[in-house]
Amino acid sequence: MTFLQPRIVMLVDFDYFFAQCEELRNPTLKGKPVVVGMYSGRTEESGAVSTANYVARKYGVKSGMPLFLAKRKLEGVEAVFLPVDYEYYQQVSDRLMQVFRGYADVFEQVGIDEAYLDVTAKVHGSFGEAKELAEMMQAEVKSQVGVTFSVGVGPNKLVAKIACDAQKPDGLTVVRVEEVEVFLQSLPVDRLLGVGRKTSKTMDTLGIKTIGDLAGFSVQRLVKVFGRTLGVYFHNAANGVDDEPVQEAGEAESMSRIGTLKENSRDLEFILRKADELIGEIHADLAQKRLSFRQVGIVAILSDLTVRSRSKTLEQPTTDPETLKRAVRELFEKFLSDSDLEVRRVGVKVSGFVKEETAQKQLTSYFGN
Ligand code: DCP
Ligand code: CA
Ligand code: CA
């Protein structure tokens, strides 16, 4: 028996997002195969497919595929190839996210085209009402913004995510508590977050092909093979167990570290060595929480104990520690040229968080093939 309040969580994922944005600003594209590509610039044809609309997918075009291959698949077809216009997609995304925020008790954006909504209170804990809410959202956003998206509804984030992938585009899949086991059991294990190519190969050698196989596998053996954290995670995930709360990754949140210099100083490199230690700690913390940041700040506590700070906003949210180091260097450089007191303690702060599970995956898939 569980005493936890049952939750109702939705995952909303925009359909063929970059390509749908292109159709939104140019409706004459609808019905034609549309491929949005990331051109690397080395040669005219080099680069990879970011995404394609469902018309192009019928010809076998997929995200991550080299552009020349997509061109070959669409040979003789009147297809449209467009370069990524990230800024515009970001604007469309911001507008949509504002709308979804209004439907949720708690809202958590995950990347540019996905968000979790905890709607437990809003739908009075009823999956039936949650389904009606999702249908209303789909109708409203379609008529007001002209964009379609897919929704997964489940008792937690994990089930909602997998449910959302089950039917696309314009899909709605509701998995009630009592349906979780049957829903998951026949799906391939790599549908679970964290089961990549390598892990699913290992699982295959253990005779685990489906989520059901994994759910029935001994936890002790999983722990032996994958270690405690992962082994227990895989076991729970396969059984549809996930307690991660839907959490707003708000602008107001920040993460900071502060440290005292061995001696007061105005030497940039000396100060940055301390700052680098702090950045290392912040980076580890960010990676664990899967957050990207957009604002970088420094704090300097001076020899007379006055506190000074400087900050800057990056063009793109990032997780990259080198970008953070560069920004911190720039801020301290500027700071030292504005002040003539010695620095006693230094601090580094990041904020403007975005949960970036998807963005990360996209980047690795670009560079990984
Ligand atoms: N993206 C990318 N490179 C990839 C995968 C995705 O640049 N390898 C970008 C383009 C997508 C957006 O991220 O439009 C969202 O990714 P999704 O995986 O949600 O895919 P789509 O929204 O394109 O399609 P779907 O309808 O399957 O959700
Ligand atoms: Ca999508
Ligand atoms: Ca997505």
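A few remarks follow.
- Local electrostatic count, Gly152, Cβ distance below 9 Å [Lys/Arg +1, Asp/Glu -1]: -1
- Heavy-atom accessible surface of His283, to the nearest 10 Å², is about 60 Å², with a 1.4 Å probe and all protein chains retained.
- In degrees, nearest ten, helix 228-238 long axis to first principal axis of the chain (Cα): 30 degrees
- In region 113-246, Rg over Rh equals 1.03, where Rg is the alpha-carbon radius of gyration and Rh the Kirkwood radius from pairwise Cα distances.
- Fully extending the segment from Glu45 to Glu342, taken as 0.36 nm per residue of separation minus the present Cα-Cα distance, adds 101.5 nm.
- With every protein chain in place, region 261-314: carbon and sulfur % of accessible area (1.4 Å): 46 percent
- Reference-scaled alpha-carbon Rg (2.2 N^0.38 Å with N residues) for region 1-93: 1.38
- Over region 86-207, relative contact order from alpha-carbon pairs under 8 Å, at least 6 apart, %: 13 percent
- Spin-label model, Arg273/Gln185: points 7 Å from Cα along the beta carbon direction are separated by 6.2 nm.
- Each Lys or Arg adds one and each Asp or Glu takes one away; over the other residues whose Cβ falls under 12 Å from the Cβ of Lys73, this sums to +4.
- On Cα atoms only, tilt of 157-166 relative to the major axis of the chain in degrees: 50 degrees
- Size of the chain as Cα extents on the principal axes (Å, biggest first): 65, 58, 45
- Cα centroid of region 120-164 to Cα centroid of region 173-207, whole Å: 22 Å
- Entries in Lys157/Lys198; Lys209/Lys349; Lys71/Lys209 that, when Cα-Cα distance is taken, lie over 32 Å: Lys209/Lys349; Lys71/Lys209
- Beyond 26 Å in Cα-Cα separation lie the following of the pairs Lys131/Lys168; Lys312/Lys355; Lys131/Lys289: Lys131/Lys289.
- Region 93-179 - percent of accessible surface contributed by carbon and sulfur, probe 1.4 Å: 49 percent
- Looking at region 32-175, the DSSP beta bridges with both ends there are about 60 percent antiparallel.
- Per-residue packing, averaged as other Cβ atoms within 10 Å, sorts the ranges 231-239, 197-205 into the order 231-239, 197-205, beginning with the highest.
- For the chain, a Gaussian network of Cα nodes joined below 10 Å ranks Ala115, Ala284, Ala215 by mean-square fluctuation, and the top entry is Ala284.
- Using the 1.4 Å probe convention, the accessible area of region 122-258 works out to 53 Å² per residue with neighbouring protein chains retained.
- Neighbour-limited loop hits for trypsin sites (Lys or Arg not before Pro), region 35-137 (at most 12 other Cβ within 10 Å; DSSP other than H, G, I, E, B): Arg42, Lys58
- The orientation-averaged shadow of the Cα convex hull for region 222-323, equal to a quarter of the hull surface, comes to 9.9 nm².
- Straightening the chain between Gln316 and Gln220 buys 30.3 nm, computed as 0.36 nm per residue apart minus the Cα-Cα spacing.
- Of the GluC sites (Glu not before Pro) found in region 16-74, the ones in coil according to DSSP and having at most 11 other Cβ atoms within 10 Å of their Cβ are Glu44.
- Averaging the sequence gap over all C-alpha pairs within less than 8 Å and six or more residues apart, then dividing by the number of residues, gives the chain a relative contact order of 15 percent.
The values are calculated or read from the model by the stated rules, or taken from the named source; none is laboratory data. Treat the numbers as computed from the prediction; the structure is a model and nothing was measured. Every residue, glycine as well, gets a Cβ built from its backbone with ideal geometry; the counts of neighbours run over all protein chains shown. With ligands, DNA and RNA removed, areas are computed over all heavy atoms of the protein, side chains included. Shrake-Rupley method; radii C 1.70, N 1.55, O 1.52, S 1.80 Å.
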